[in-house]
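The structure appears below as structure tokens.
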Amino acid sequence: MKDPRLRKEPKKPKPKICPICSTEYTPRSSLQKVCHNYKCAIAFNKQRDAEIAERESRKQERIQRDDLKKRREKLKTKSDWNKEAQVAVNRFIFWRDYGKPCIACGKPLNYGVRGGAVDASHYRSRGSASHLRFYTFNIAAGCVRCNRELSGNLIPFRINLIARYGVERVERIEHDNTPRKFDIPYLQRVKAIFTRRARHYEKLRKRYQEAA
Ligand SMILES: [Zn+2]
Ligand SMILES: [Zn+2]
């Protein structure tokens with residue numbers, strides 16, 4: 001008896017729609033992508049070439065952009081990296097403390113206003129204790145008045161910081177005078193880590209808000 005699989009008829013190619021002129025056609029092989037009209041073949045090839053060129057130019061643009069970024073990063077000074085690291089840490093503080101009142105006066109803070117209404121207030125100031133400028137236990141969300149006009153408003157700041165972390169932690173901050181060396185790779189790491197942590201907290205807060 002013959003194998004039934006051998007009696008199988010060769011598959012008839014199914015009709016397709018030409019992507020150029022939209023007419024129906026039956027391809028002669030699986031490689032045929034357009035109808036039998038040579039104009040459609042030309043148009044199809046042109047389109048494909050344009051797509052390849054477009055992809056290539058996008059790739060070149062990306063390479064140039066990355067290159068420019070690298071060169072710009074190389075030009076950044078230690079002071080630039082220091083600023084960017086502090087911005088990242090302060091953003092982290094904003095999202096970590098989101099919803100909490102001013103650490104010093106206890107008044108509610110307007111977290112809806114980005115950049116201005118909420119300060120990242122340092123208990124030991126950046127000026128006098130620059131080695132603690134990224135230390136998150138030393139920083140809390142505070143109002144502009146306490147932070148800028150009252151130089152931190154440190155007496156109630158201390159009381160509320162103790163309430164938050166305990167007296168041991170606060171005393172450790174007060175006695176910590178060990179100088180740190182912050183080199184550029186360290187500042188870059190600070191920036192990267194706190195950018196990530198800030199994003200994480202931001203997502204958490206927003207998810208919590210949506211659920212509320
Ligand atoms: Zn066609
Ligand atoms: Zn305040």
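Each value in this text was obtained by applying a stated rule to the coordinates, not by laboratory testing. Note that the coordinates shown come from a computational prediction; the quantities given were computed from them, not determined experimentally. FYI the Cβ positions are ideal-geometry reconstructions off the backbone, even for glycines, and counts take in every protein chain you see.
Which of 191, 69, 78 ends up with the largest GNM mean-square fluctuation for the chain, with Cα atoms connected below 10 Å?
Evaluated over the chain, the most mobile residue of the options is 69.
Take the Cα atoms of the chain, find their three principal axes, and give me the spread along each one in whole Å, biggest first.
96, 45, 41
List the relative contact order of the chain as a percent without decimals, with contacts defined as Cα pairs under 8 Å and 6+ residues apart.
20
Treating only the Cβ atoms of Lys and Arg (+1) and Asp and Glu (-1) as charged, compute the dipole magnitude of the chain about its Cα centre; round to the nearest 20 debye.
The dipole of the chain has a size of about 1040 debye.
Remind me, relative contact order of the stretch 82-155 in percent, using alpha carbon pairs under 8 angstrom and six or more residues apart?
Result for the stretch 82-155 is 34 percent.
So if we plug the beta-carbon distance of residue 79 and residue 43 into 1/(1 + (r/R0)^6) with R0 = 45 Å, what FRET efficiency do we get, rounded to 0.05?
Details: r = 57 Å, r/R0 = 1.28.
Plugging the Cβ-Cβ distance into 1/(1 + (r/R0)^6) gives 0.20.
So for each of 16-28, 149-161 I average, over its residues, the number of other beta carbons within 10 Å; can you give me the resulting order with the highest mean first?
149-161, 16-28
Of 183, 176, how do they rank once you tally other Cβ atoms within 10 Å and put the fewest first?
Numbers: 183 10, 176 14.
Placing the least packed residue first, the sequence is 183, 176.
Could you give P(r) for the stretch 18-75, binned at 10 Å from zero, as whole percent values over all Cα-Cα pairs?
21, 29, 17, 15, 12, 6, 0
Which of 201, 37, 211 sits farthest toward the positive end of the charge dipole of the chain, with +1 on the Cβ of Lys and Arg and -1 on the Cβ of Asp and Glu?
37
Working out 0.36 nm times the residue gap between residue 188 and residue 17, then minus their Cα-Cα distance, what length gain in nm do you get to one decimal?
Length difference between fully extended and current span is 56.0 nm.
Placing unit charges on C-beta atoms (Lys and Arg positive, Asp and Glu negative, everything else neutral), compute the dipole magnitude of the stretch 18-75 about its Cα centre in debye, rounded to 20.
360
Rank these for me by crowding, 122, 175, 36, going from fewest to most other beta carbons within 10 Å.
175, 36, 122
Enter the Cα centre distance for the pair the stretch 100-153 and the stretch 157-205, rounded to the nearest angstrom.
13
If I stretch the segment between residue 137 and residue 159 completely, what's the gain in nm (0.36 nm per residue apart, minus their alpha carbon distance), one decimal?
6.5 nm
Of the listed peptides 97-103, 138-144, what is their order by residue-averaged count of other C-beta atoms within 10 Å, with the highest listed first?
Ranking the peptides 97-103, 138-144 by packing returns 138-144, 97-103.
Any idea what % of Cα-Cα pairs in the stretch 83-163 are farther than 14 Å? Walk me through the numbers on the way to the answer.
Numbers: 1825 of 3240 pairs.
The calculated P(r) of the stretch 83-163 puts 56 percent of pairs beyond 14 Å.
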